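The values are calculated or read from the model by the stated rules, or taken from the named source; none is laboratory data. Since this is a predicted model, take the numbers as computed values, not measurements. Cβ coordinates were reconstructed from backbone atoms using ideal geometry, including for glycine residues, and neighbour counts include every protein chain displayed. Side chains included, ligands, DNA and RNA excluded: accessible areas come from the protein's heavy atoms. Shrake-Rupley method; radii C 1.70, N 1.55, O 1.52, S 1.80 Å.
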Amino acid sequence: MLLTNAELVDGHTVDCRIDGEQIAAVDAALDPAPNESVIDAAGNLLLPGAIDAHVHFREPGYQHKETWTTGTRSAAAGGVTTVIDMPNTSPPTTTGEGFDAKATVAEQACIDYGINGGVTGDWEPDSLFDRPLCALGEVFLADSTGDMGVASDDFADAVDRAVDEGVTVTVHAEDETRFDAAARDGDAGGPGRAANADLWSAYRTAAAEAAAVDYATDVGQETGADIHIAHTSTPEGIDAAVDGGATCEVCPHHLYLSRADLDELGTHGRMNPPLRSENRRRAVFERVADGTVDIVATDHAPHTREEKNAGLWDAPSGVPGVETMLPLLLESARKGEFTYERVVDLVAHNPAEIFDLESKGRIAPGYDADLVLVDPDDPRAIRGDDTHSRCEWTPFAGRQGVFPELTMVRGQVVYERTPAGGRGRGGDDEQFSDIDGENVRA
Ligand SMILES: NC(=O)N[C@@H](CC(=O)O)C(=O)O
Ligand SMILES: [Zn+2]
Ligand SMILES: [Zn+2]
């Protein structure tokens, strides 16, 4: 197959030949071979498929929130060709058996994936490390969805083990002892007392993040482990990660939303770590734009609308995001808030490097043909009803995103939007193919 006249983020216009699952050649002009199928990509930007290094696809255990089928379709429609799935499912991915249960359902994936191993007081590292794990984590230094918070000793032991096994440790860094209990208990959300969603941000303090990042990076430096700090939400947390020799990620919700949005979002804006002040959001944005932050990943954490509509203290934490990450970043690039090269670093080059996805993340001969075509000048409104996640809502409703025209995984078109039926999203003009996603470690 030949993609012709595609523009790369460095401004070059190229033809790209795909042979089977890999990119065979990238050149200014390639002649189609007899019988070679040709896709004219003139006017489109050609990007490496995005790697979302932090998703919760909920299966096994919580299929009413998301499944591997709905989660990976949502990913494909958003230009994500590889995901790394987190262990807080049921059973949790903390034993060999737990891993196998997830590996079986993950075969429904229509994009490629990695499966992480989780750590709890009673995890079974021996059987777990027998399996083709992508990384360890997220290891929860504070409770979040799934109540998998670990004690410090267990964390340190797990990091030791990860060093022996040569895997990266992704850390959920919040220190519960630094939460502001008064913010919670001052408005316990009891009968008749509506708890304001902003109290979640007041409760799970910014200081709790920086303290936990310091702790995790200390353990990392003592052991020589590769520590990756998940979903950093504050400039202090990012700077602590960098100072401590760790890599870090920022989620779209901490880039584009702040406490100022909570009036509108209500409990749908509750996640861990929580939304921060507009000042902190801007400082986080700067660190993403200037390259301080290594990756953007979504922490795609779907819950049903019904679940999210419970009172503040009862609603589960987490927001979906796998489908809107690349579109939001491309819209920022379109508006000049950062460069297209930066976008590709954040969602392709850097995650591939951090998580040792050797055949992924680049448009070059020999790499997997995980590719996305977008019309960079055609943003659309984001709507919950248009997304393909089972939860069918998004905290980014009303914002603009630049969505893929076509997404390809290892040379197979998995998602395509055809202009024929008018170019609205979510209509008959979208097509998915049920290709067989593969475990990146298997
Ligand atoms: N981020 C969240 O608020 N929730 C995540 C868990 C997590 O990443 O902490 C979830 O699985 O729901
Ligand atoms: Zn987390
Ligand atoms: Zn998470």
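The P(r) of the range 50-357 has a tail past 32 Å containing 20 percent of all C-alpha pairs.
Across the range 39-51, rounded Karplus estimates of 3J(HN,Hα) from the backbone phi angles (6.51 cos²θ - 1.76 cosθ + 1.60, θ = phi - 60°) give 10, 7, 9, 4, x, 9, 8, 9, 10, x, x, 6, 10 Hz, Gly and Pro being marked x. Once you reduce the range 282-309 and the range 24-91 to the center of their Cα atoms, the two points are 19 Å from each other. When the accessible area of the chain is computed with all protein chains present and a 1.4 Å probe, what percentage of it is carbon and sulfur? C and S atoms contribute 42 percent here.
Taking 27 Å as the straight-line reach from the Cα of residue 360, the lysines in range (excluding those fewer than 8 positions away in the same chain) are 102. In this rough spin-label picture, where each label sits 7 Å from Cα along the Cβ direction, the residue 100-residue 436 distance is 2.1 nm. The residues of the chain have, on average, 37 Å² of accessible surface per residue, using a 1.4 Å probe with all protein chains present.
Note on residue 263/residue 341: beta-carbon distance plugged into 1/(1 + (r/R0)^6) with R0 of 30 Å gives a FRET efficiency of 0.25.
Using the Cβ-Cβ distance between residue 28 and residue 377 with R0 set to 25 Å, the FRET efficiency from 1/(1 + (r/R0)^6) comes to roughly 0.60.
Around the amide H of residue 22, modelled in the peptide plane, lie the amide H atoms of 369, all under 5 Å away and 5 or more residues distant in sequence or on another chain. Rounded, prolate or oblate: which one fits the range 8-88, using the alpha carbon gyration tensor with axes a ≥ b ≥ c (rounded when a/c is under 1.5, else prolate when a/b beats b/c, else oblate)? It is prolate, given that a/c is not under 1.5 and a/b is the larger ratio. Summary value for the range 114-184: 33 percent relative contact order, contacts being C-alpha pairs under 8 angstrom separated by 6+ residues. Taking θ as phi - 60° and the Karplus parameters 6.51, -1.76 and 1.60, the scalar couplings of the range 234-244 work out to 9, x, 5, x, 5, 5, 5, 5, 5, 4, x Hz in sequence order, x denoting glycine and proline. Using the Cβ-Cβ distance between residue 185 and residue 306 with R0 = 25 Å, the FRET efficiency computed as 1/(1 + (r/R0)^6) comes to roughly 0.40. Relative contact order of the range 148-239: 40 percent, from C-alpha pairs under 8 Å at least 6 residues apart in sequence. A straight chain from residue 177 to residue 277 at 0.36 nm per residue would run longer than the Cα-Cα distance by 33.9 nm.
Amide H to amide H distances under 5 Å link residue 276 with 259, where only residues 5 or more positions off or on other chains count and H is placed in the peptide plane. Remark: spin-label model distance residue 292-residue 153 equals 3.7 nm, labels positioned 7 Å along the Cα→Cβ axis. Compared with the dominant principal axis of the Cα atoms in the chain, helix 152-165 is inclined by about 30°. Angle of helix 325-334 to the longest C-alpha principal axis of the chain, folded into 0 to 90 degrees and rounded to 10: 70°.
In order along the range 347-359, the phi-based Karplus estimate (6.51 cos²θ - 1.76 cosθ + 1.60, θ = phi - 60°) of 3J(HN,Hα) comes to 10, 9, 4, 6, x, 4, 6, 5, 9, 6, 9, 5, 8 Hz; Gly and Pro are listed as x. Helix 96-106 versus the longest principal axis of the chain: what is the Cα-based angle in degrees, 0 to 90, to the nearest 10? Approximately 40 degrees, to the nearest ten. The relative contact order of the range 50-357 comes to 18 percent, based on Cα pairs under 8 Å that sit 6 or more residues apart.
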